Amino acid sequence: MSNDGSMCQAVSARWITDLRASYQFRRTRVAVNVANLFDAYPNEWRDLKNGANAQGASVGGTFRYPGVGTFGTDGRMVSLQFSYRAPRSSCSMRASRLRHPCLSTVQGC
């Protein structure tokens, strides 16, 4: 709680940086994604320092950060992504060369 008894608290601005790098070779692509690269967190509730005795917005020290924000409270997230593009079958290649919607199914496939 603030001095006037309300649960209002001003929070400071933060810059959040996300990064993605990928490399493709032939039919395979590998990508690394990093969300919140510099591990930025929002301001904690002021009454959190009181722990279980907190009487304000952190509800007895249960909630560390304000629930509304432009980024999460989990910190940095890293993921690795693999993708593979399968080769086209000879049947679908022949059908695409015909360029006619009525001939999309080629006999013998």
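Worth a mention:
- Residue satisfying all of: in segment 24-49; of a type in the set (Phe, Trp, Tyr) and within 20 Å of the chain's Cα centre (by Cα); modelled with the lowest pLDDT among these: Tyr41
- Of the set (1) in contact with a Gly (Cβ under 9 Å, 6 or more places away or on another chain); (2) part of a loop (DSSP other than H, G, I, E, B); (3) at pLDDT below 70, all apply to Ala52 but (2).
- Within segment 19-30, restricting attention to residues that are among the hydrophobic types (A, V, I, L, M, F, W, C) and under 18 Å from Ala86 (Cα atoms), the residue that is surrounded by the most Cβ atoms within 10 Å (Cβ to Cβ) is Val30.
The values are calculated or read from the model by the stated rules, or taken from the named source; none is laboratory data. As the structure is a prediction and not an experimental result, all values here were calculated from the model. As a convention, Cβ positions derive from the backbone with ideal geometry for all residues, glycine included, and neighbour counts pool all protein chains shown.
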